[in-house]
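Shown next, in C-alpha coordinates, is the structure this report addresses.
The values are calculated or read from the model by the stated rules, or taken from the named source; none is laboratory data. No experiment lies behind these values; they were computed from the predicted model shown. Methodologically, a virtual Cβ is constructed for each residue, glycine included, from the backbone with ideal geometry; neighbour enumeration extends over all protein chains shown.
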Amino acid sequence: AAAANRIAAGEVVERPASAVKELVENAIDAGARRVDVAYADGGKRLIRVEDDGHGIPADELPLALQRHATSKIDGSDLVNILTFGFRGEALPSLGAVGRLTVTSRARGASEAVCLGVRGGNAEPPRPAALARGTVVELEGLFTATPARLKFLRSDRAEAQAIGETLRRLAMAAPGVAFTLTDRSDPDSPREILRLDAESGDLFDALGNRLRALLGPDFLANALRIDAEREGVALTGYAALPTYSRGSAVTQHLFVNGRPVRDKLLLGALRAAYADLLSRDRHPAAALFVDLDPEQVDVNVHPAKAEVRFRDPGLVRGLVVGGLRQALAGAGH
Ligand code: ADP
Ligand code: MG
(Lines give C-alpha, C1' and ligand atoms only; values in the text may rest on other atoms or scores of the structure.)
(Ligands and ions follow the chains in the order given, each with its own letter.)
Protein backbone atom coordinates (compact mmCIF):
# COMPACT_ATOMS: atom_id res chain seq x y z
CA ALA A 1 0.00 0.00 0.00
CA ALA A 2 2.88 2.36 0.78
CA ALA A 3 4.20 1.72 -2.76
CA ALA A 4 0.80 2.50 -4.27
CA ASN A 5 0.66 5.74 -2.31
CA ARG A 6 4.06 6.77 -3.62
CA ILE A 7 3.00 6.11 -7.21
CA ALA A 8 -0.24 8.03 -6.77
CA ALA A 9 1.69 10.79 -5.03
CA GLY A 10 3.77 11.28 -8.15
CA GLU A 11 0.60 12.17 -10.02
CA VAL A 12 -1.17 14.24 -7.38
CA VAL A 13 1.73 16.01 -5.69
CA GLU A 14 4.33 17.26 -8.10
CA ARG A 15 5.13 20.45 -6.23
CA PRO A 16 4.02 22.41 -3.14
CA ALA A 17 1.25 24.16 -5.07
CA SER A 18 -0.37 20.82 -5.93
CA ALA A 19 -0.49 19.93 -2.23
CA VAL A 20 -2.05 23.32 -1.49
CA LYS A 21 -4.64 22.69 -4.21
CA GLU A 22 -5.69 19.34 -2.72
CA LEU A 23 -5.84 20.69 0.84
CA VAL A 24 -7.77 23.86 -0.01
CA GLU A 25 -10.23 21.88 -2.14
CA ASN A 26 -10.80 19.60 0.84
CA ALA A 27 -11.41 22.63 3.07
CA ILE A 28 -13.93 24.09 0.61
CA ASP A 29 -15.59 20.67 0.28
CA ALA A 30 -15.93 20.66 4.08
CA GLY A 31 -18.06 23.82 3.92
CA ALA A 32 -15.38 26.13 5.31
CA ARG A 33 -16.20 29.85 5.52
CA ARG A 34 -12.56 30.73 6.01
CA VAL A 35 -9.36 29.06 4.92
CA ASP A 36 -5.92 30.14 6.12
CA VAL A 37 -2.93 28.93 4.17
CA ALA A 38 0.67 29.31 5.30
CA TYR A 39 3.97 28.10 3.92
CA ALA A 40 7.66 28.26 4.67
CA ASP A 41 10.50 28.15 2.11
CA GLY A 42 8.17 28.02 -0.86
CA GLY A 43 6.20 25.21 0.78
CA LYS A 44 9.22 22.88 0.87
CA ARG A 45 9.67 23.22 4.63
CA LEU A 46 6.01 23.68 5.57
CA ILE A 47 2.53 23.85 4.09
CA ARG A 48 -0.28 24.50 6.53
CA VAL A 49 -3.98 24.77 5.72
CA GLU A 50 -6.48 25.60 8.43
CA ASP A 51 -10.24 25.70 7.91
CA ASP A 52 -13.43 26.12 9.91
CA GLY A 53 -15.34 23.43 8.05
CA HIS A 54 -17.24 20.44 9.41
CA GLY A 55 -14.12 18.57 10.47
CA ILE A 56 -13.39 14.86 10.43
CA PRO A 57 -14.91 12.59 13.10
CA ALA A 58 -12.21 10.95 15.24
CA ASP A 59 -13.16 7.45 14.12
CA GLU A 60 -12.91 8.42 10.44
CA LEU A 61 -9.57 10.17 10.63
CA PRO A 62 -7.36 7.06 10.34
CA LEU A 63 -9.48 5.96 7.39
CA ALA A 64 -9.19 9.32 5.64
CA LEU A 65 -5.42 9.00 5.76
CA GLN A 66 -5.25 5.39 4.66
CA ARG A 67 -8.19 4.94 2.39
CA HIS A 68 -6.28 2.71 0.02
CA ALA A 69 -4.28 0.95 2.68
CA THR A 70 -5.77 -2.35 1.53
CA SER A 71 -5.65 -1.52 -2.16
CA LYS A 72 -4.22 -4.29 -4.29
CA ILE A 73 -2.31 -1.95 -6.55
CA ASP A 74 1.31 -2.92 -6.81
CA GLY A 75 4.15 -2.13 -9.16
CA SER A 76 2.59 -4.18 -11.97
CA ASP A 77 -0.38 -1.81 -12.11
CA LEU A 78 1.59 1.25 -13.13
CA VAL A 79 -0.37 1.56 -16.37
CA ASN A 80 -3.77 1.27 -14.77
CA ILE A 81 -3.11 3.86 -12.11
CA LEU A 82 -3.26 6.59 -14.73
CA THR A 83 -6.95 5.89 -15.16
CA PHE A 84 -7.51 5.15 -11.49
CA GLY A 85 -9.03 8.48 -10.53
CA PHE A 86 -7.75 10.09 -7.38
CA ARG A 87 -10.81 10.27 -5.21
CA GLY A 88 -9.71 9.63 -1.66
CA GLU A 89 -6.04 9.65 -2.59
CA ALA A 90 -4.90 13.14 -1.69
CA LEU A 91 -4.26 12.69 2.03
CA PRO A 92 -2.62 9.26 1.70
CA SER A 93 -0.49 10.68 -1.12
CA LEU A 94 0.61 13.64 0.99
CA GLY A 95 1.49 11.26 3.81
CA ALA A 96 3.81 9.49 1.40
CA VAL A 97 5.79 12.57 0.34
CA GLY A 98 6.28 14.41 3.62
CA ARG A 99 5.53 14.47 7.34
CA LEU A 100 1.77 14.87 7.45
CA THR A 101 -0.15 15.92 10.55
CA VAL A 102 -3.92 16.28 10.55
CA THR A 103 -5.75 17.82 13.49
CA SER A 104 -9.51 18.00 13.31
CA ARG A 105 -12.59 18.57 15.40
CA ALA A 106 -15.84 17.35 13.95
CA ARG A 107 -18.86 19.56 14.52
CA GLY A 108 -20.40 18.62 17.86
CA ALA A 109 -17.36 16.63 19.00
CA SER A 110 -16.16 17.30 22.56
CA GLU A 111 -12.51 17.38 21.57
CA ALA A 112 -10.17 17.45 18.62
CA VAL A 113 -7.99 14.58 17.53
CA CYS A 114 -4.57 14.66 15.93
CA LEU A 115 -2.96 12.08 13.70
CA GLY A 116 0.54 12.06 12.26
CA VAL A 117 1.86 10.10 9.33
CA ARG A 118 5.59 9.42 9.46
CA GLY A 119 7.37 7.59 6.69
CA GLY A 120 4.02 6.65 5.18
CA ASN A 121 2.80 5.04 8.40
CA ALA A 122 0.02 6.53 10.51
CA GLU A 123 0.71 7.01 14.20
CA PRO A 124 -2.02 6.32 16.76
CA PRO A 125 -4.49 9.25 17.03
CA ARG A 126 -4.13 11.44 20.10
CA PRO A 127 -6.35 14.12 21.67
CA ALA A 128 -5.53 17.68 20.64
CA ALA A 129 -6.67 21.26 21.20
CA LEU A 130 -8.60 22.86 18.33
CA ALA A 131 -11.80 24.90 18.54
CA ARG A 132 -13.23 23.82 15.19
CA GLY A 133 -12.45 22.63 11.72
CA THR A 134 -9.28 21.06 10.44
CA VAL A 135 -5.59 21.87 10.34
CA VAL A 136 -3.38 19.96 7.93
CA GLU A 137 0.37 20.40 8.08
CA LEU A 138 2.83 18.96 5.59
CA GLU A 139 6.47 19.31 6.55
CA GLY A 140 9.64 18.45 4.66
CA LEU A 141 8.03 17.79 1.30
CA PHE A 142 10.14 15.32 -0.73
CA THR A 143 13.00 15.27 1.82
CA ALA A 144 12.84 11.47 1.72
CA THR A 145 13.12 11.54 -2.09
CA PRO A 146 16.01 13.90 -2.95
CA ALA A 147 15.51 13.19 -6.68
CA ARG A 148 12.01 14.69 -6.50
CA LEU A 149 13.23 17.56 -4.37
CA LYS A 150 15.75 18.49 -7.05
CA PHE A 151 12.95 19.01 -9.56
CA LEU A 152 11.41 21.79 -7.49
CA ARG A 153 12.18 25.35 -8.46
CA SER A 154 13.40 28.14 -6.19
CA ASP A 155 11.50 28.93 -3.00
CA ARG A 156 10.38 32.11 -4.68
CA ALA A 157 9.01 30.33 -7.76
CA GLU A 158 7.26 27.69 -5.69
CA ALA A 159 5.73 30.39 -3.46
CA GLN A 160 4.52 32.16 -6.58
CA ALA A 161 2.86 28.95 -7.79
CA ILE A 162 1.16 28.51 -4.41
CA GLY A 163 -0.20 32.05 -4.67
CA GLU A 164 -1.54 31.45 -8.18
CA THR A 165 -3.16 28.19 -7.14
CA LEU A 166 -4.86 29.81 -4.16
CA ARG A 167 -6.08 32.76 -6.23
CA ARG A 168 -7.65 30.41 -8.76
CA LEU A 169 -9.40 28.40 -6.05
CA ALA A 170 -10.55 31.58 -4.33
CA MET A 171 -12.14 32.74 -7.57
CA ALA A 172 -14.45 29.73 -7.52
CA ALA A 173 -15.43 30.25 -3.87
CA PRO A 174 -16.22 33.95 -3.37
CA GLY A 175 -18.22 33.20 -0.21
CA VAL A 176 -15.11 31.90 1.53
CA ALA A 177 -12.52 34.16 3.20
CA PHE A 178 -8.87 33.33 2.49
CA THR A 179 -5.48 34.34 3.79
CA LEU A 180 -2.05 33.36 2.55
CA THR A 181 0.97 33.87 4.80
CA ASP A 182 4.67 33.32 4.21
CA ARG A 183 6.09 31.96 7.45
CA SER A 184 9.63 31.38 6.23
CA ASP A 185 10.82 33.71 8.98
CA PRO A 186 9.03 32.58 12.15
CA ASP A 187 9.66 35.96 13.77
CA SER A 188 7.95 37.98 11.06
CA PRO A 189 5.20 36.22 9.12
CA ARG A 190 4.39 38.02 5.88
CA GLU A 191 0.78 38.26 4.69
CA ILE A 192 0.67 37.64 0.95
CA LEU A 193 -3.07 37.65 0.37
CA ARG A 194 -6.19 38.48 2.32
CA LEU A 195 -9.66 38.04 0.83
CA ASP A 196 -12.85 38.79 2.73
CA ALA A 197 -15.86 36.55 2.27
CA GLU A 198 -18.15 38.05 -0.38
CA SER A 199 -21.92 37.97 -0.09
CA GLY A 200 -24.84 38.86 -2.30
CA ASP A 201 -26.07 37.15 -5.44
CA LEU A 202 -23.79 35.07 -7.61
CA PHE A 203 -22.71 37.90 -9.88
CA ASP A 204 -22.20 40.41 -7.07
CA ALA A 205 -20.13 37.99 -5.01
CA LEU A 206 -18.10 36.81 -8.00
CA GLY A 207 -17.70 40.36 -9.27
CA ASN A 208 -16.33 41.54 -5.93
CA ARG A 209 -13.99 38.58 -5.68
CA LEU A 210 -12.73 39.20 -9.24
CA ARG A 211 -12.18 42.86 -8.43
CA ALA A 212 -10.11 41.85 -5.41
CA LEU A 213 -8.10 39.32 -7.43
CA LEU A 214 -7.78 40.84 -10.89
CA GLY A 215 -8.16 44.52 -10.14
CA PRO A 216 -10.97 46.95 -10.97
CA ASP A 217 -10.00 47.27 -14.66
CA PHE A 218 -11.07 43.79 -15.60
CA LEU A 219 -14.51 44.10 -14.07
CA ALA A 220 -15.09 47.55 -15.54
CA ASN A 221 -14.40 46.08 -18.99
CA ALA A 222 -16.21 42.76 -18.62
CA LEU A 223 -19.58 41.42 -19.68
CA ARG A 224 -21.76 39.23 -17.52
CA ILE A 225 -22.10 35.80 -19.04
CA ASP A 226 -25.18 33.80 -18.15
CA ALA A 227 -26.18 31.08 -20.58
CA GLU A 228 -27.62 27.60 -20.45
CA ARG A 229 -28.04 24.74 -22.89
CA GLU A 230 -29.52 21.31 -22.18
CA GLY A 231 -28.72 21.43 -18.48
CA VAL A 232 -25.21 22.81 -18.91
CA ALA A 233 -24.73 26.27 -17.41
CA LEU A 234 -22.16 28.91 -18.33
CA THR A 235 -21.70 31.85 -15.96
CA GLY A 236 -19.04 34.41 -15.19
CA TYR A 237 -17.44 37.45 -16.73
CA ALA A 238 -15.66 37.87 -20.05
CA ALA A 239 -13.76 40.94 -21.16
CA LEU A 240 -14.70 43.23 -24.00
CA PRO A 241 -12.41 42.71 -27.01
CA THR A 242 -10.79 46.05 -26.20
CA TYR A 243 -9.59 44.60 -22.90
CA SER A 244 -7.65 41.67 -24.31
CA ARG A 245 -4.17 40.70 -23.20
CA GLY A 246 -1.00 39.50 -24.84
CA SER A 247 -0.96 36.51 -22.52
CA ALA A 248 -3.37 33.70 -21.74
CA VAL A 249 -2.81 33.84 -17.96
CA THR A 250 -5.90 36.02 -17.66
CA GLN A 251 -8.11 33.12 -18.76
CA HIS A 252 -9.67 31.44 -15.75
CA LEU A 253 -11.84 28.43 -16.45
CA PHE A 254 -13.73 26.23 -14.03
CA VAL A 255 -15.75 23.06 -14.38
CA ASN A 256 -18.09 22.27 -11.51
CA GLY A 257 -16.14 24.70 -9.35
CA ARG A 258 -12.71 23.18 -10.10
CA PRO A 259 -10.03 25.21 -11.90
CA VAL A 260 -9.12 23.62 -15.22
CA ARG A 261 -6.90 24.38 -18.21
CA ASP A 262 -8.84 22.54 -20.79
CA LYS A 263 -8.10 22.65 -24.52
CA LEU A 264 -11.74 22.43 -25.55
CA LEU A 265 -12.78 25.35 -23.33
CA LEU A 266 -9.76 27.47 -24.26
CA GLY A 267 -10.46 26.78 -27.93
CA ALA A 268 -14.12 27.73 -27.55
CA LEU A 269 -13.14 30.96 -25.80
CA ARG A 270 -10.75 31.80 -28.63
CA ALA A 271 -13.35 30.88 -31.27
CA ALA A 272 -15.95 33.20 -29.72
CA TYR A 273 -13.59 36.17 -30.18
CA ALA A 274 -12.08 34.94 -33.46
CA ASP A 275 -13.41 37.81 -35.58
CA LEU A 276 -12.81 40.42 -32.90
CA LEU A 277 -9.20 39.83 -31.88
CA SER A 278 -5.93 39.22 -33.68
CA ARG A 279 -4.28 35.84 -33.09
CA ASP A 280 -1.77 37.22 -30.58
CA ARG A 281 -4.41 38.65 -28.25
CA HIS A 282 -6.18 36.66 -25.55
CA PRO A 283 -9.59 37.55 -24.17
CA ALA A 284 -9.53 37.85 -20.37
CA ALA A 285 -12.29 35.84 -18.74
CA ALA A 286 -13.44 34.04 -15.63
CA LEU A 287 -15.93 31.42 -16.76
CA PHE A 288 -17.71 28.66 -14.91
CA VAL A 289 -19.19 25.63 -16.62
CA ASP A 290 -21.55 23.66 -14.41
CA LEU A 291 -23.05 20.38 -15.44
CA ASP A 292 -24.17 17.00 -14.18
CA PRO A 293 -21.01 15.27 -12.84
CA GLU A 294 -22.04 12.27 -14.93
CA GLN A 295 -21.45 14.40 -18.03
CA VAL A 296 -17.81 15.09 -17.31
CA ASP A 297 -14.71 13.21 -16.25
CA VAL A 298 -12.49 15.56 -14.28
CA ASN A 299 -10.03 12.85 -13.32
CA VAL A 300 -8.36 12.50 -16.68
CA HIS A 301 -5.24 14.21 -15.37
CA PRO A 302 -5.42 15.23 -11.70
CA ALA A 303 -2.27 17.32 -11.89
CA LYS A 304 -2.82 18.87 -15.28
CA ALA A 305 -6.44 19.82 -14.72
CA GLU A 306 -7.77 18.53 -18.02
CA VAL A 307 -11.30 17.26 -18.34
CA ARG A 308 -13.26 15.09 -20.72
CA PHE A 309 -16.81 16.08 -21.56
CA ARG A 310 -19.26 13.39 -22.57
CA ASP A 311 -20.74 15.79 -25.13
CA PRO A 312 -17.90 18.11 -26.20
CA GLY A 313 -19.96 19.65 -29.00
CA LEU A 314 -22.65 20.77 -26.58
CA VAL A 315 -20.14 22.44 -24.25
CA ARG A 316 -18.26 24.10 -27.08
CA GLY A 317 -21.52 25.34 -28.59
CA LEU A 318 -22.64 26.75 -25.25
CA VAL A 319 -19.38 28.62 -24.68
CA VAL A 320 -19.09 30.02 -28.19
CA GLY A 321 -22.81 30.81 -28.37
CA GLY A 322 -23.07 32.30 -24.87
CA LEU A 323 -20.05 34.54 -25.38
CA ARG A 324 -21.05 35.64 -28.90
CA GLN A 325 -24.51 36.57 -27.67
CA ALA A 326 -23.11 38.69 -24.85
CA LEU A 327 -20.59 40.33 -27.19
CA ALA A 328 -23.30 41.03 -29.78
CA GLY A 329 -25.45 42.55 -27.03
CA ALA A 330 -22.58 44.93 -26.28
CA GLY A 331 -22.34 45.94 -29.93
CA HIS A 332 -19.57 43.58 -31.12
P1 ADP B 1 -11.19 13.20 -1.37
O2 ADP B 1 -11.18 14.67 -1.16
O3 ADP B 1 -11.02 12.87 -2.82
O4 ADP B 1 -12.36 12.49 -0.73
P5 ADP B 1 -8.83 13.23 0.28
O6 ADP B 1 -7.72 12.25 0.44
O7 ADP B 1 -8.48 14.59 -0.21
O8 ADP B 1 -9.89 12.58 -0.69
O9 ADP B 1 -9.58 13.34 1.66
C10 ADP B 1 -10.05 12.15 2.26
C11 ADP B 1 -11.25 12.42 3.13
O12 ADP B 1 -10.85 13.11 4.31
C13 ADP B 1 -12.30 13.31 2.50
O14 ADP B 1 -13.22 12.56 1.75
C15 ADP B 1 -12.97 13.92 3.71
O16 ADP B 1 -13.92 13.04 4.24
C17 ADP B 1 -11.83 14.03 4.71
N18 ADP B 1 -11.22 15.37 4.73
C19 ADP B 1 -10.05 15.73 4.17
N20 ADP B 1 -9.77 17.02 4.40
C21 ADP B 1 -10.80 17.51 5.13
C22 ADP B 1 -11.11 18.79 5.71
N23 ADP B 1 -10.30 19.84 5.56
N24 ADP B 1 -12.27 18.91 6.40
C25 ADP B 1 -13.10 17.84 6.55
N26 ADP B 1 -12.87 16.62 6.05
C27 ADP B 1 -11.73 16.44 5.34
MG1 MG C 1 -9.54 15.82 -1.66
Residue count, region 127-145 (criterion: more than 15 Å from ligand 1 (Cβ to nearest atom) and either part of a loop (DSSP other than H, G, I, E, B) or in contact (Cβ under 8 Å) with a residue 40 or more places away in the chain (or both)): 8
Going residue by residue through region 149-164, is there one that turns out to be closer than 19 Å to Val49 by Cα, hydroxyl-bearing (Ser, Thr, Tyr) and in contact (Cβ under 8 Å) with a residue 24 or more places away in the chain? no
Spans of strands (runs of 3 or more DSSP E) in region 227-332 with at least 3 residues small (Gly, Ala, Ser): 232-239
Can you give me the number of residues within region 249-295 that are within 22 Å of His332 (Cα to Cα) and of a type in the set (Asp, Glu)? 2
I'd like the full set of residues that are among the polar types (S, T, N, Q) and part of a helix (DSSP H, G or I), limited to region 146-170. Gln160, Thr165
Can you find even one residue in region 64-80 that is modelled with pLDDT of 95 or more, touching a Gly at 6+ places or on another chain (Cβ under 9 Å) and within 14 Å of ligand 1 (Cβ to nearest atom)? no
I'd like the full set of residues that are more than 17 Å from Arg48 (Cβ to Cβ), outside any loop (DSSP other than H, G, I, E, B) and at pLDDT 95 or above, limited to region 171-202. Met171, Leu195
